[in-house]
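In what follows, a single structure is set out as structure tokens and then discussed.
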Amino acid sequence: MKENLFALDFLRALAIVCIIVTHLAIYLISNPFKLFFYSFIPYFADIGLGLFLFISGYLMYHNNPTLSSAGDVLKFYKKRVLRVFPLYWIAIVLFVIVFAWLNLPTVYSTGTSSEMFSLTNIIITALGLQIFLSPSYAIPIFTLYFVGVILLCYYLYPLIIYYSKNFSSLVCSSALIFLLFIFLHVQFNIIGNQFFLFYPIFISGIAVRYLSLNTRSLTPWFLILLPVFLVLLLIIESRTTLIFDERVMITIKIPDIGFVSQDSVNQVLLDLGSRIGISLDTLKLIIINILFDLFIIAFCITQLIFSKQYADYIQGSARSFIMFLSVGSYGVYLFHDPLLTIWTVEIESWIYVPIVQDLLTIFLIVPLIFIVSYYFQSGYSSVVEKKILR
């Protein structure tokens with residue numbers, strides 16, 4: 001099962017860049033920079049998060065194609081705990097210090113609350129159960145919600161793979177878990193919506209790796225049609241999201257048919273929802289989530305194919321830089337939110353020119369976060385691999 005995985009490092013580097021570029025918009029002050037970085041919202045963040053889940057699923061199956069005994073499962077969880085949780089716990093402490101103890105203002109519309117940083121919620125978050133128990137029993141802490149999504153997928157992986165003797169059983173076991181979680185969500189108001197959005201992307205990563213190991217390479221016609229399918233999905237998703245947005249009024253002119261308004265679309269969906277017993281808002285959410293997942297999965301597969309095809313052409317300093325971004329990506333995601341919050345609060349007290357503040361944020365602080373995260377992550381990984389998991 002030896003394989004050059006540099007293509008995945010490239011995708012991981014692309015993912016963290018997409019996320020940071022998007023999040024920077026909310027930390028900048030001057031209008032030119034804010035407008036520039038706002039132009040990347042929301043698709044860059046969606047692509048970055050989707051890539052992380054896709055890569056996680058792909059590597060899960062690459063490294064653990066079978067888990068046939070209790071010992072295999074325990075070994076799998078041991079590796080996940082040692083590689084994920086220590087840095088995650090440090091991040092939780094940092095979030096508590098910055099947003100609860102120092103009470104620094106958050107850029108997120110949800111704001112902070114005593115419940116978010118209660119001892120119970122912190123313990124739930126530390127165990128990686130915030131998505132499983134939300135919204136009834138847990139409140140995800142800002143960007144750490146996504147770690148909860150990944151950890152929930154990790155928790156489920158042994159159950160998925162144990163019953164996946166072939167591709168059909170992989171699809172069935174994954175679908176049954178998805179349906180079970182829908183039932184739990186409806187009956188007990190647990191399992192956050194974020195899980196239902198990202199879980200199919202995680203499973204697609206597993207499925208793509210399974211197919212690449214057990215079937216022939218993709219046929220040429222599929223490779224030709226995939227980019228076309230990706231573009232069509234992007235157009236359909238963006239237009240659908242715009243039509244569903246109640247904050248804007250839009251009417252689409254269709255040649256030879258006439259005009260399609262938001263009211264007419266809502267009426268069609270309302271009639272459909274009444275027939276199947278689903279509210280209009282829920283039906284809209286389902287449609288948007290399906291289109292989102294299809295777009296992200298198509299994008300991830302497209303990028304994976306091209307990355308594998310051309311990865312060997314990236315050499316020298318460019319390859320080293322991509323590895324630098326990839327290795328530090330987990331730490332950057334964990335720590336960038338509280339660190340940028342501290343920086344933006346402190347800089348206002350000694351630099352009063354917005355554009356200078358933004359230039360320092362972009363060209364000094366963000367690179368420093370990447371550098372610190374890289375050395376922190378690489379040093380910790382070295383200790384784990386050599387002294388704990390050997």
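Only residues that are touching a residue at least 40 places away in the same chain (Cβ under 8 Å), part of a helix (DSSP H, G or I) and not hydroxyl-bearing (Ser, Thr, Tyr) were counted in the range 152-200, giving 15. Restricting the range 313-348 to residues that are more than 28 Å from TYR380 (Cα to Cα) and part of a helix (DSSP H, G or I) leaves a set whose member that is nearest to the chain's Cα centre (by Cα) is THR344. Counting the residues of the range 59-94 that are over 25 Å from PHE376 (Cβ atoms) and among the hydroxyl-bearing types (Ser, Thr, Tyr) gives 4. Within the range 269-282, identify whether any single residue is surrounded by fewer than 19 Cβ atoms within 10 Å (Cβ to Cβ), assigned by TED's automatic domain parsing to the domain that holds HIS23, assigned to a helix (DSSP H, G or I) and in contact with a helix residue (DSSP H, G or I) (Cβ under 7 Å, 6 or more places away or on another chain), and answer yes or no. So far as the range 269-282 goes, no, none of its residues is surrounded by fewer than 19 Cβ atoms within 10 Å (Cβ to Cβ), assigned by TED's automatic domain parsing to the domain that holds HIS23, assigned to a helix (DSSP H, G or I) and in contact with a helix residue (DSSP H, G or I) (Cβ under 7 Å, 6 or more places away or on another chain). For PHE117, the conditions (1) closer than 29 Å to PRO86 by Cβ; (2) without any contact (Cβ under 8 Å) to a residue 12 or more places away in the chain; (3) touching a helix residue (DSSP H, G or I) at 6+ places or on another chain (Cβ under 7 Å); (4) not basic (Lys, Arg) are fulfilled apart from (2).
Conditions tested, residue by residue: (1) among the charged types (D, E, K, R); (2) part of a helix (DSSP H, G or I).
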site	(1), (2)
THR22	no, yes
LYS34	yes, yes
GLY50	no, yes
PHE54	no, yes
GLY57	no, yes
PRO65	no, no
SER68	no, no
VAL73	no, yes
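Would you say SER168 is under 17 Å from LEU67 (Cβ atoms) and over 22 Å from the mean Cα position of the chain (by Cα)?
Details: under 17 Å from LEU67 (Cβ atoms): no; over 22 Å from the mean Cα position of the chain (by Cα): yes.
No, not satisfied.
State whether the residues of the range 111-133 include one that is in contact with a Gly (Cβ under 6 Å, 6 or more places away or on another chain), assigned by TED's automatic domain parsing to the domain that holds ILE26 and not in a helix (DSSP H, G or I). Write out each step before concluding.
Step one: of the range 111-133, the residues in contact with a Gly (Cβ under 6 Å, 6 or more places away or on another chain) are 128, 130-131.
If we keep only those that are assigned by TED's automatic domain parsing to the domain that holds ILE26 too, we end up with 128, 130-131.
Still in the list and also not in a helix (DSSP H, G or I): 128.
Looking for residues that are in contact with a Gly (Cβ under 6 Å, 6 or more places away or on another chain), assigned by TED's automatic domain parsing to the domain that holds ILE26 and not in a helix (DSSP H, G or I), one finds at least one in the range 111-133, hence yes.
Among the candidates TYR61, TYR77, TYR137, TYR108, single out the residue that is under 20 Å from the mean Cα position of the chain (by Cα), of a type outside the set (Val, Ile, Thr) and farther than 23 Å from VAL332 by Cβ.
TYR61
There is no residue in the range 222-240 that is modelled with pLDDT of 90 or more and surrounded by 13 or more Cβ atoms within 10 Å (Cβ to Cβ). The set of residues from the range 5-42 being of a type in the set (Ser, Thr, Tyr) and either in the same structural domain as ILE290 (by TED's automatic domain parsing) or surrounded by fewer than 17 Cβ atoms within 10 Å (Cβ to Cβ) (or both) comprises SER30, TYR38, SER39.
The values are calculated or read from the model by the stated rules, or taken from the named source; none is laboratory data. Everything numeric here is computed off the predicted structure, so don't read it as measured data. Reconstructed Cβ throughout: ideal geometry from the backbone, glycine too, with neighbour counts over all protein chains shown.
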